[in-house]
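Data first, discussion second: the structure below is written as C-alpha cells.
The values are calculated or read from the model by the stated rules, or taken from the named source; none is laboratory data. Note that this is a predicted model, so its numbers are computed, not measured. Cβ coordinates were reconstructed from backbone atoms using ideal geometry, including for glycine residues, and neighbour counts include every protein chain displayed. Areas reflect the complete protein model, heavy atoms only, side chains present, ligands, DNA and RNA absent. Shrake-Rupley method; radii C 1.70, N 1.55, O 1.52, S 1.80 Å.
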Amino acid sequence: MRGKLITIDGLDGSGKATQTKLLGEALTRCGLRVRTVSFPRYDSQASAPVRMYLSGQFGEKPGDVNAYAASAFFAVDRFAAYRQDWQQFYEQGGLILADRYTTANAVHQCSKLPREEWDGFLAWLFDFEYGKMGLPAPDGVFFLEMDPSVSQKLLTHRYEGQEQRRDIHEKDLTYLARSREAALYCTQKLGWQHIRCDDGSNPRSVEEIHEEILQRVQTLL
Ligand SMILES: Nc1ncnc2c1ncn2[C@@H]1O[C@H](COP(=O)(O)OP(=O)(O)OP(=O)(O)O)[C@@H](O)[C@H]1O
Ligand SMILES: [Mg+2]
C-alpha cells in the first residue's frame, strides 16, 4: 500500500522547517505514521554538485548554471534520499512530509528562464523526476508565501556578522523576487495550497499558520 507525500515549499526563511516539524508532530499525535525529510541534504555525498553550485564553484550568479543542469543536481540528491532513506517507509503506507522537494526546482529554476518557457520547463521537470527517475509525485503541495522583506528579517540573526555564509541564491535579491513570481505562477497553475504567512509587514504567528496548514492537510489525506 503506497503511502502519501506532502511537500512544503516556499522562499528562503518562509518557515518551511518550522511548519514541517509542527505538522509532523500534530499528525503523529493523530496516530499517523509520519516521517519528515528535508532537501537539500547538505550532509550527504549525493548533494555534492548542489553544494558546489550553491557555493559558487560553477559561477557566482544563479544564472551561471542553467535551469536544467541545476535541477538535475537537486534531483540526484532526492533520488539518493528516496532509495537510501524513505522508499520503504513510503511503500509500506507511511506519510512523508518534505521540507522542499521537486517543487523547489520549479520555484527556484523557473526564475532563470523567460516566462514563455516556464510551462515547457515545468513539464520537463515533473516528467524527469516523477516519470523518468521514478520519484513519487506529491499528493499535496503547500506554498508558504512570506514577503521577502519579512523573511529576510527572520533570517538576519542566522547570518549576523557572517554574510559570506549566504549561498548564491540567498545573496541575489533580484533572483529572489523572480523566484517569488515563479512560485505564485506555479501555485496557481498547479493547484498548490497557498498559505499567506505575513500581513505585509510582520509574520503571522507560527501557531496560526500551523492551524491553517493542519486544516487543509486533512482534506488532502
Ligand atoms: N511565523 C513565524 N513568526 C516568527 N518567526 C518565525 C516564523 N516562522 C519561522 N520563524 C523563524 O524564522 C526563521 C526561519 O524559519 P525556518 O527555518 O522555519 O524557515 P525555512 O523556510 O526553513 O528557511 P530556509 O529557507 O532558510 O531553509 C527561524 O528562526 C524560525 O524560528
Ligand atoms: Mg529550512
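Here are the numbers:
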item	result
Subset of the range 139-166 [outside any helix (DSSP H, G or I) and open to solvent by 30 Å² or more (accessible area, probe 1.4 Å)]	Asp139, Asp147, Glu160, Gly161, Gln162, Arg166
Where a residue in the range 14-42 is in a helix (DSSP H, G or I) and its partner, wherever it lies, is of a type in the set (Gly, Ala, Ser), with Cβ under 9 Å and at least six apart	Lys16/Gly10; Lys16/Ser38; Ala17/Ser38; Gln19/Gly10; Thr20/Ser38; Thr20/Ala98
Residue in the range 115-125 that is away from ligand 1 (no atom under 15 Å from the Cβ) and farther than 17 Å from Tyr185 by Cα present	no
Flag if Glu170 is open to solvent by 70 Å² or more (accessible area, probe 1.4 Å), under 18 Å from the mean Cα position of the chain (by Cα) and within 20 Å of Ser71 (Cα to Cα)	no
Positions within the range 11-53 being charged (D, E, K, R) and either within 16 Å of ligand 1 (Cβ to nearest atom) or more than 17 Å from the chain's Cα centre (by Cα) (or both), in sequence order	Asp12, Lys16, Lys21, Glu25, Arg29, Arg33, Arg41, Asp43, Arg51
Residue within the range 45-57 that is within 16 Å of ligand 2 (Cβ to nearest atom) and more than 25 Å from Ala177 (Cβ to Cβ) present	yes
Odd one out for Asp77, checked against (1) of a type in the set (D, E, K, R); (2) open to solvent by less than 40 Å² (accessible area, probe 1.4 Å); (3) in contact with a Gly (Cβ under 9 Å, 6 or more places away or on another chain)	(3)
Residues satisfying the stated conditions in the range 106-165, i.e. among the hydroxyl-bearing types (Ser, Thr, Tyr) and more than 17 Å from the chain's Cα centre (by Cα)	Ser149, Thr156, Tyr159
So Gly134, is it of a type outside the set (Phe, Trp, Tyr), surrounded by fewer than 17 Cβ atoms within 10 Å (Cβ to Cβ) and part of a loop (DSSP other than H, G, I, E, B)	yes
Meets criteria (in a helix (DSSP H, G or I), on the phi < 0 side of the Ramachandran plot and either among the hydrophobic types (A, V, I, L, M, F, W, C) or open to solvent by less than 30 Å² (accessible area, probe 1.4 Å) (or both)) for Ala182	yes
Those residues of the range 33-82 which are among the acidic types (Asp, Glu) and under 30 Å from Gly93 (Cβ atoms), in sequence order	Asp43, Asp77
Residue count for the range 168-187, restricted to those that are more than 13 Å from Val107 (Cβ to Cβ) and either of a type outside the set (D, E, K, R) or at pLDDT 95 or above (or both)	3
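Conditions (1) out of contact with any His (no Cβ under 9 Å at 6 or more places or on another chain); (2) within 16 Å of ligand 2 (Cβ to nearest atom); (3) within 17 Å of Gly13 (Cβ to Cβ); (4) charged (D, E, K, R), marked per residue:
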{"residue": "Arg165", "(1), (2), (3), (4)": "yes, yes, yes, yes"}
{"residue": "Asp172", "(1), (2), (3), (4)": "yes, no, yes, yes"}
{"residue": "Thr187", "(1), (2), (3), (4)": "no, no, no, no"}
{"residue": "Leu190", "(1), (2), (3), (4)": "yes, no, no, no"}
{"residue": "Gln193", "(1), (2), (3), (4)": "yes, no, no, no"}
{"residue": "Asn202", "(1), (2), (3), (4)": "yes, no, yes, no"}
{"residue": "Glu212", "(1), (2), (3), (4)": "yes, no, no, yes"}
